[in-house]
Amino acid sequence: MAQNEVCFEIESNPNPFDLALNSFSKYVNVLDCFHIYAESSISDAKVLHAASVAAELLDNNEDGIVDDPLLKVKLQNGEAMMPIFSSEWSPAMDDVWDYYDGCVSAALFNNEIDPSQPGHWGDDASVEEILHTINHCGHVEIYPDTFSLWPNSSLMSDAMDIARGGQFINIPNQYPEAAWYHYDDWTCDYECMAIEYLYWCIVSHMGILDDTQTCNGIDNEWELCTPELFESTDVSMYAILTDLQ
């Protein structure tokens with residue numbers, strides 16, 4: 001994903017007096033619809049990497065235009081933003097969560113960005129967190145019949161119930177043997193489970209989980225680490241993700 005990084009320039013924070021944003025010094029506007037703000041301690045290489053990841057997720061054919069015009073408008077109107085913090089103890093976090101008026105659904109931290117291993121599980125969380133933001137701030141709102149996160153609300157919620165071996169509003173003590181998605185973080189409610197499920201499905205389909213280390217590392221949560229396994233097992237979500245509509 002490094003080839004697009006030359007397309008971006010890091011600017012100074014355009015909103016230095018905004019209560020939510022005044023802790024950031026670096027800024028990139030990605031395709032006029034996705035804002036990246038970073039603290040001064042974040043290297044330029046990591047900021048540009050995040051911008052590149054966002055651009056390629058929004059613009060798969062790399063023609064400089066967001067592939068889905070409705071998505072661009074939704075992210076623009078919602079002022080979708082990815083903050084990059086120095087650490088999980090940064091005071092800037094409270095400012096963003098308390099005061100940001102736009103859509104911020106996830107965050108990145110300095111120690112979880114590795115431009116040399118884009119999206120590689122355990123090394124670079126950029127693809128995951130940026131996808132969460134694009135999905136949550138965009139697709140869920142634009143296409144609720146397909147991607148709504150609530151129980152019994154969408155094609156995706158129905159597919160997730162199949163993937164988890166049943167509809168579990170709360171984390172079960174043990175998932176059924178047939179389940180291939182068995183996230184067990186008790187702090188993650190059904191809506192959270194759904195946005196995580198969408199991420200796993202997309203990156204499985206992309207093929208970026210397809211190595212032995214990753215497959216072994218994630219199988220306690222997600223078993224379909226190759227595109228082939230995803231296509232043959234999660235038939236419902238594969239149909240959704242490959243539907244050109």
Problem - Whole-angstrom Cα spans of region 145-189 along principal axes, big to small - result: 30, 23, 11
Practice task
Positive end of the charge dipole of region 1-137 (Lys, Arg +1 and Asp, Glu -1 on Cβ, about the Cα centre): tell me which of 47, 134, 77 has its Cα farthest that way.
Solution key: 77
Problem - Sulfur and carbon atoms: percent of accessible area, region 1-143 [1.4 Å] - result: 48 percent
Exercise for the section: Would you kindly calculate the mean projected area, averaged across all directions, of the convex hull enclosing the Cα atoms of the chain, in square nanometres? Expected result: 12.9 nm²
Problem - Length-normalised contact order for the chain - Cα pairs under 8 Å, 6+ apart - percent - result: 13 percent
Problem - Along principal axes, Cα extents of region 169-242, largest first, whole Å - result: 30, 27, 20
Practice task
Counting helices only, and only those DSSP H runs with n ≥ 4, report the 222 nm mean residue ellipticity of the chain as the sum of -39,500 (n - 2.57) divided by its residues, in deg cm²/dmol to the nearest 500.
Solution key: -11000 deg cm²/dmol
Handout entry: For the chain, Cys with no neighbouring Cys Cβ under 4.7 Å
Key = 7, 33, 201
Handout entry: Per residue accessible area of the chain, 1.4 Å probe, in Å²
Key = 48 Å²
Exercise for the section: With a/c under 1.5 counting as rounded, go ahead and sort region 1-87 into rounded, prolate or oblate using the C-alpha gyration tensor (a ≥ b ≥ c being the square roots of the eigenvalues; past the cut-off, prolate if a/b is larger than b/c, else oblate). Expected result: oblate
Handout entry: region 154-233 and region 53-119: distance between their alpha carbon centers, rounded to Å
Key = 23 Å
Problem - Karplus-derived 3J(HN,Hα), 6.51/-1.76/1.60, for each residue of region 90-106, Hz, glycine and proline x - result: 5, x, 5, 4, 4, 4, 5, 5, 7, 10, 6, 8, x, 9, 10, 10, 7
Fill in the blank from the handout: In the chain the DSSP beta bridges are antiparallel at a rate, in percent to nearest 5, of 55 percent
Completion exercise
Looks like region 82-159, by Cα gyration tensor root eigenvalues a ≥ b ≥ c and the a/c under 1.5 rounded cutoff (else prolate when a/b is bigger than b/c, oblate otherwise), is oblate
Exercise for the section: For region 1-136, calculate the relative contact order in percent as a whole number, restricting contacts to Cα pairs under 8 Å that are 6 or more residues apart. Expected result: 24 percent
Fill in the blank from the handout: Projecting the Cα atoms of 224, 61, 175 onto the charge dipole of the chain, where Lys and Arg contribute +1 and Asp and Glu -1 at Cβ, the residue farthest towards the positive end is 61
Completion exercise
Under the rule rounded for a/c under 1.5, else prolate if a/b exceeds b/c, else oblate, using alpha carbon gyration tensor axes a ≥ b ≥ c, region 100-245 is classed as rounded
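The values are calculated or read from the model by the stated rules, or taken from the named source; none is laboratory data. Small disclaimer: the values here were computed from a predicted structure and weren't measured. Methodologically, a virtual Cβ is constructed for each residue, glycine included, from the backbone with ideal geometry; neighbour enumeration extends over all protein chains shown. Heavy atoms of the whole protein, side chains included, go into the accessibility calculation; ligands, DNA and RNA do not. Shrake-Rupley method; radii C 1.70, N 1.55, O 1.52, S 1.80 Å.
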